Amino acid sequence: MGSGAGNPVLRRIARGSAAAVIVLLSLGAAGRVDAQGSASFTSTASAVIAGSLRITNTGPLHFGDVLPSAAPGTVSVNLTTAATPTVTRTATPGASLSGTAFSAATFLVERTGTGNPHVYVTLPIAPVTLVRSGGGASMTVDTFRSNLNATCNGTSPGPCPSAPFTLWVGGRLNVGGNQAPGIYSGTFAVTAHQF
Amino acid sequence: MVIRRRSIQIAFLGAYLVAGLVRSAFGQQPAPITISTDRDLSFGSIAPGPAGGSVTIDPAGGRTAAGVVVLGSGFGAASYTVRVNVNGGNPHYTITLPTSVTLQGPGAATMTVDTFVSDPSGTGNAKPPARVDQLNVGATLRVGPNQPSGSYSAPFLVTVNLGN
């Protein structure tokens, strides 16, 4: 480059006025501004929709006819843990059974889509209130139970059935002393979870 | 001779500046700012309901849901490495996120992702000496009533601009 001083082009630049140098300097500054660039990156957003779960009530929990007494008592609808369980009805002293009509509630649990079809259910924990038709009295139902293996209930389920299946639910009716005669009814919620 | 030597110096200065301009114009220098993805944005597995709902991933990677039940653990915020290759000062950069993106699913099924949120938000600073910053991005997924089951995805663009 030292010999470049003899190059006619360089000599022409060298002969240029101070204005030429200022132009070059300002171009240099513009080059640095250009260097303040931008960058983009395309990444992916994704989601998986699992099959939806449907639970349909196909039969009521029915404690049947109950005869009260001066003392409080209970009536229970019991289940065995089988796909089609044996359903029985028992009473404690204070309440006695009448008639033969009673039933466990039944629910059809179905799911759509692909993936793990295992399902567990959550039964009511708090007592559910049954209100007498026409008012004036109430009873409670608690100790809900189902035909699923005990380890398949709650938040840390063990072996659970694959949907579709029928869920059977029983419970315990608390009958007061001298419970007013009438028809009592209420609602309770069962939640099915897939995992 | 004195005059001539100064002229040569000026000529060298000019040649140096021109060479610098040519180098940046032809991209031979490292890009002044780069961004690369470390992790994609994933909403994970979702059980839809009859009423629809939404799932939000915050930039820290937490997941919250409304109206739908979320399943499993396969979810996370998008994460990027922003690298600034210029010297001098605190290299601030501005962040441009999408407004909304449509995820394509099975058949003609779609879902919308919107409310993109980043950490840092709006402007980042790839502080010296490393001049490297981590940028995390979350968003909200809109799940329709009885959303068809399957895998949904779409690309989305995050842009960083040097300077603010």
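Here the spin labels are modelled as points 7 Å beyond Cα on the Cα-Cβ line, and at A:Asp142 and A:Thr84 they lie 3.5 nm apart. Modelled spin labels at A:Ser162 and B:Ser151, positioned 7 Å past Cα toward Cβ, are 2.1 nm from each other.
Across the stretch A:53-194, the convex hull enclosing all Cα atoms gives 103 Å³ per residue. Scaling the Cα radius of gyration of the stretch B:31-162 by the globular reference 2.2 N^0.38 Å produces a ratio of 1.18.
No lab work stands behind these numbers, since they all come straight from the coordinates. Values in this document were obtained by computation on a predicted structure and should not be read as measured data. Cβ sites come from the backbone with ideal geometry, for glycine too, and all protein chains shown count toward neighbours.
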